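Taken together, the values in this text are just the output of simple stated rules run on the coordinates, not laboratory data. These numbers come from a predicted model, not from an experiment. FYI the Cβ positions are ideal-geometry reconstructions off the backbone, even for glycines, and counts take in every protein chain you see.
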Amino acid sequence: MSFSTRMKEEIAKNPINRIEIQSELSAILRYDAKITKELINLTFENASVARRVYTDLKELFNVPIKITIRNQKRLRMKQIYILEVKEKIEEILSKLLIQENNKKITITEDQLLDRDEKISYVRGTFLVIGSISDPSTSGYHMEFVFTIKKDALFLQKLLNELGFASKILKRNNRYMVYLKSAEVISDIIKSFKTINSLFYFEDIRIYRDHKNMVNRLNNCEIANQEKTTETGIKQQKMIQYLKENDLLDLLDDKTKIVLEYREKYYESSYQELSEIITLETGYKIGKSGINHHLIKMRQLAESHQEKNGL
């Protein structure tokens, strides 16, 4: 079972009040129903969602609903659930702000009065045309696919008003409202009150964030080690140049000790080199001391090269 399916089943089992039911049903019928003067037809692949819509229509309108279950064979065997309403059509469409013949009225902000109603409308939209990727198998992605552009624009506006930044992408003849921010998607899941889905999403998110942080630290450590080795090789060549030109005796004894160990441990950091010298010679020296002696070496080598036009 996909993460989308599990989340929709969790939504379908959560109780909501009558005002929220109305907003949720408005979105569900608007984007999923086939509507005529005599019939409202709804088709679902998810039994829990079908049961939710059946119960909500009964509660709001006390209308008889015919249920048909069919087996559908395409890539795999699956059941589809068909709900048919033939009574109180005008009352249902009027209360849910939907015209006959499936011509939709654009809901205004005045008609979705508070945040809970707006969230309920988004939740209903998700139940019928929304999906969310499993964070454990791919990146963070939530989408709603529309056939009519103004419907996509309305949902995007609604999401933005709720603080959920989204974008629209045209794909073939459809319009996809999508979100890719893990934090925003997490907030939407939380607003749907799907606690199990939220815990699952956040567990994966924390794991991935930790893994990414470890990778960044490892990459940084590797880069620092490569830089240290590269610097050590250059200094090793400079020490060799001083030897070849009999310049070492121009340096003091402490600098000579540092150069001796630097040539031997060219892959070590200044901190590691200071610890080795202190341990093996008894000469207590820190990173700044190592740097001071290596600067003296570089200045001597560069001065000699400049005098000889090298």
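Summarising the amide proton neighbourhood of residue 285: residues at separation of 5 or more, or on other chains, whose placed amide H is nearer than 5 Å comprise 278. The long axis of helix 287-307 is offset from the longest Cα principal axis of the chain by roughly 60 degrees. Taking the C-alpha atoms only, the angle from helix 115-129 to the longest principal axis of the chain is near 90 degrees.
Which shape class, rounded, prolate or oblate, goes with the range 214-307 when its Cα gyration tensor gives a ≥ b ≥ c as root eigenvalues, a/c under 1.5 marks rounded, and past that a/b bigger than b/c marks prolate? Cα axes put the range 214-307 in the oblate bin.
Based on DSSP H segments of at least four residues, each scored -39500 (n - 2.57), the chain has a per-residue ellipticity at 222 nm of -19500 deg cm²/dmol.
3J(HN,Hα) couplings calculated from phi for the range 215-226 with the Karplus curve 6.51 cos²θ - 1.76 cosθ + 1.60 (θ = phi - 60°) are, in sequence order, 4, 5, 5, 5, 5, 5, 5, 5, 5, 5, 5, 4 Hz; Gly and Pro show x. In this structure the amide hydrogen of residue 165, modeled in the peptide plane, comes within under 5 Å of no amide hydrogen from residues 5 or more places off or on another chain. Can you give me the C-alpha center-to-center distance between the range 5-60 and the range 159-225, rounded to a whole angstrom? Spelled out, the Cα-based centre of one part sits 27 Å from the other. Take the chain and mark each of the trypsin sites (Lys or Arg not before Pro) that is in a DSSP loop with at most 14 other Cβ atoms within 10 Å; the longest unmarked stretch, sites excluded, is 104-283. The relative contact order of the chain, computed from alpha carbon pairs under 8 Å that lie at least 6 residues apart in sequence, is 14 percent. Derived scalar couplings between HN and Hα for the range 40-45 equal 10, 10, 10, 10, 10, 9 Hz in order, rounded to whole Hz, by the Karplus curve 6.51 cos²θ - 1.76 cosθ + 1.60 (θ = phi - 60°), x for Gly and Pro. In the structure shown, the pairs 180/227; 8/37; 73/149; 37/73; 34/95; 95/157 are assessed against 26 Å; a Cα-Cα span above that value is assigned to 180/227; 8/37; 73/149; 37/73. Rg then Dmax, both in Å and based on the Cα atoms of the range 122-207: 12.7, 38.
Normalised by the number of residues in the range 200-274, the mean separation of alpha-carbon contacts (under 8 Å, six or more apart) gives a relative contact order of 38 percent. Relative contact order for the range 38-83: 47 percent, from Cα pairs under 8 Å spaced at least 6 residues apart, divided by residue count.
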